[in-house]
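The values are calculated or read from the model by the stated rules, or taken from the named source; none is laboratory data. All values derive from a computational prediction rather than experimental measurement. Virtual Cβ from ideal backbone geometry, glycine too; neighbours counted across all protein chains shown.
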Amino acid sequence: MSMWNTVQFFRDPLGTLQRQVAAQGRLSEMEITLSRSGVKGTLLAIGPEYNQQILSDTKVFYAITTSPPPNTAAQRLTQGVVYLNGEHHKQQRRLIMPAFHKKEVDGYAQDMIAVTQRLMDHWRPGQRVNMIDEMTSLTMGIVIKTLFGLDLDKEGYALGDLLEEWLALSSSIAGSIIPRSLPGSPARRLIAVSERIEVTVRELLAQKRTRLDDSRDVVSMLMKTHDEDGTQMSDAEVMANANLLYLAGHETSANALTWALFLLAQHPDVMANVLDELEGELHGSPPTLEQVGKLKLLDGVISETLRLFPPVSFITKTVAEPVTVGGHDLPEGATVMVSHFLTHRLPELYPQPDRFMPERWFSLDPAPYEYIPFSAGPRRCIGATFATLEMKIVLAMLLQRYRFSVIPNAGIQASFFFLLRARQVPMLIQTQDRQFRREAIRGNIVSLIDLA
Ligand code: HEM
């Protein structure tokens, strides 16, 4: 039963969670098994109180680790901060944080603008696109440039393609079923790609080491930063974290940007007000850092998008020592799940929770565990400031130049594959002419948002 429920869960995670809460309330045992510890079942715990207990106590609630083939390049590349626990996690986090302080992130704004400009110049009015592909290529360009400092046309996209191949193979379900011993198996291909990434990044690190003082990209920062006692990251740690930052840093933003464009297209009044704000402040130009701070409605659009469609919609943690959650005694090895998506739909926190109302953020000030698109506590997203600036710059530029509409009757199916996403978000790009119009749409998206 547990196996069948687990399969069903992955086919429709958000629907399953919604039904579970409707039937059993906010704290309940689900018959799904997500960890390999041998302890069956998962405790679903929804709401700020449980978010706080589970997300703040990193001694008891551990990140679930991956299990790539041991002693291979594939394993070495999955040693980045998100997979670590305890002191090791804290130490690596300390070494990464400086690269994402506001001052550093502000320095990446020009790269964000340049990569966005490039995409806008490439589009043609009247073009139909799958918006998720466009946004993925945009955010991939931005992280390649800001993380690695690479020229996109020279080596940048080549490394991006390798990392994409790695991502596809490491998350392949076939990879966990087909034995590694078989020639051409996904596990073997994953090892081969990981080895190529190691060689490429190792060469890159050697080049960077010769001019570290003048470089400001994230990887150079990781190579320069040291702890109070002088400890620095080893090359292997830099590689693993660069790989992780690439993965954590572009699909999340790509999904958030796609949902923002979709929601704006389907809310013509909000879209018109956002454009008034942008044109009034920016007059067609990209925003300066000072102007970014003044775009209050755009800020509300981003907060509201991340509330309704948080790219990380739920997360599981493994219990490292016996603990009680809401009266449930959990043994070591048990799994608990919190949900960003369901927390953000609680009506006592967000009245009319299924509606897109960016103006609510003019007066709303949720507590840290009530609003968790970037999580909260000791594992809060390191890239939150980066992602927020990136989304503001990208939207401010795109919306002033182009009008986006959903293709009439498009089927939009939100699914969950590590992130809340839709494989197809078909949209039409027109010159900005303010002819905003909501279109009829199909797919499960209509049950996730109230378009009334
Ligand atoms: C809209 C965009 C983004 C969203 C919604 C998002 C969301 C999250 C969430 C929910 C977590 C916590 C996961 C957990 O509980 O284990 C997280 C962790 C993390 N994120 Fe993000 N993220 C975004 C963008 C970025 C970017 C741009 C970067 C860096 C370039 C980044 C780097 C990280 C890292 C390194 C962690 C691990 C922190 C730790 O384990 O201590 N993220 N992110």
Residue match in the stretch 21-38 (condition: touching a residue at least 40 places away in the same chain (Cβ under 8 Å), in contact with a helix residue (DSSP H, G or I) (Cβ under 9 Å, 6 or more places away or on another chain) and in a helix (DSSP H, G or I)): yes
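For the stretch 306-353: of the residues being among the small types (Gly, Ala, Ser) and buried (at least 21 other Cβ atoms within 10 Å of the Cβ), which is nearest to Asp450 (Cα to Cα)? First the steps, then the outcome.
Our first condition is that a residue be among the small types (Gly, Ala, Ser); within the stretch 306-353, this holds for 313, 320, 326-327, 333-334, 339.
Remaining after also requiring buried (at least 21 other Cβ atoms within 10 Å of the Cβ): 313, 334, 339.
Details: Ser313: 18, Ala334: 36, Ser339: 20 Å.
Among them, the one singled out is Ser313.
In the stretch 421-452, which residues are assigned to a loop (DSSP other than H, G, I, E, B) and either closer than 18 Å to Ile132 by Cα or among the acidic types (Asp, Glu) (or both)? Quick ask: steps written out before the conclusion?
Applying the first criterion (assigned to a loop (DSSP other than H, G, I, E, B)) to the stretch 421-452 yields 423-425, 432-440, 443-444, 449-452.
Residues satisfying the conditions are Arg423, Gln424, Val425, Asp433, Glu439, Gly443, Asn444, Asp450.
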Test: residue in the stretch 184-197 that is farther than 24 Å from Lys103 by Cβ, at pLDDT below 90, of a type outside the set (S, T, N, Q) and outside any helix (DSSP H, G or I): yes
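Could you grab me the full set of residues in the stretch 333-371 that are in contact with a Ser or Thr (Cβ under 6 Å, 6 or more places away or on another chain) and hydrophobic (A, V, I, L, M, F, W, C)? Full working, then the answer.
Kept after step one, since they are in contact with a Ser or Thr (Cβ under 6 Å, 6 or more places away or on another chain), are these residues of the stretch 333-371: 333, 335, 337, 340-341, 361.
Listed by number, the residues that qualify are Met337, Phe341, Trp361.
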Any hit, the stretch 360-367, residues being modelled with pLDDT of 95 or more, within 16 Å of the ligand (Cβ to nearest atom) and either within 30 Å of Asp121 (Cβ to Cβ) or in a loop (DSSP other than H, G, I, E, B) (or both): yes
Residues satisfying the stated conditions in the stretch 408-441, i.e. out of contact with any helix residue (DSSP H, G or I) (no Cβ under 7 Å at 6 or more places or on another chain) and either among the aromatic types (Phe, Trp, Tyr) or buried (at least 18 other Cβ atoms within 10 Å of the Cβ) (or both): Ala410, Phe417, Phe418, Pro426, Leu428, Ile429, Ile441
Residue match in the stretch 403-418 (condition: more than 9 Å from the ligand (Cβ to nearest atom), modelled with pLDDT of 95 or more, of a type in the set (Gly, Ala, Ser) and closer than 22 Å to Leu297 by Cβ): yes
Some residue of the stretch 372-379 being near the ligand (Cβ under 7 Å from one of its atoms), polar (S, T, N, Q), modelled with pLDDT of 95 or more and in contact with a helix residue (DSSP H, G or I) (Cβ under 9 Å, 6 or more places away or on another chain): yes
The one condition in (1) under 27 Å from Lys40 (Cα atoms); (2) small (Gly, Ala, Ser); (3) more than 16 Å from the ligand (Cβ to nearest atom); (4) out of contact with any Lys or Arg (no Cβ under 9 Å at 6 or more places or on another chain) that Gly326 fails to fulfil: (4)
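Is it the case that some residue within the stretch 382-390 is among the hydrophobic types (A, V, I, L, M, F, W, C), more than 12 Å from the ligand (Cβ to nearest atom) and in a helix (DSSP H, G or I)? Working first, answer last.
At the first step, the residues of the stretch 382-390 found to be among the hydrophobic types (A, V, I, L, M, F, W, C) are 382, 384, 386-387, 389.
Still in the list and also more than 12 Å from the ligand (Cβ to nearest atom): none.
No, the stretch 382-390 contains no residue that is among the hydrophobic types (A, V, I, L, M, F, W, C), more than 12 Å from the ligand (Cβ to nearest atom) and in a helix (DSSP H, G or I).
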In the stretch 353-375, the residues that are aromatic (Phe, Trp, Tyr) and within 21 Å of the chain's Cα centre (by Cα): Phe356, Tyr369, Tyr371, Phe374
Qualifying residue in the stretch 397-418 (condition: touching a residue at least 24 places away in the same chain (Cβ under 8 Å), touching a Gly at 6+ places or on another chain (Cβ under 9 Å), in a loop (DSSP other than H, G, I, E, B) and farther than 26 Å from Leu27 by Cα): yes
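From the set of residues in the stretch 401-420 that are hydrophobic (A, V, I, L, M, F, W, C) and farther than 19 Å from Arg437 by Cβ, which is farthest from the chain's Cα centre (by Cα)? Talk me through it step by step, then tell me what you get.
Of all residues in the stretch 401-420, those hydrophobic (A, V, I, L, M, F, W, C) come to 404, 406-407, 410, 412, 414, 416-420.
Checking which are farther than 19 Å from Arg437 by Cβ leaves us with 414, 416-420.
Numbers: Ala414: 15, Phe416: 12, Phe417: 11, Phe418: 9, Leu419: 7, Leu420: 9 Å.
Residue satisfying both the conditions and the ranking: Ala414.
Looking at Val336, Val394, which is the one that is within 16 Å of the ligand (Cβ to nearest atom) and touching a Lys or Arg at 6+ places or on another chain (Cβ under 6 Å)?
On the way: Val394 fails: touching a Lys or Arg at 6+ places or on another chain (Cβ under 6 Å).
Only one candidate qualifies: Val336.
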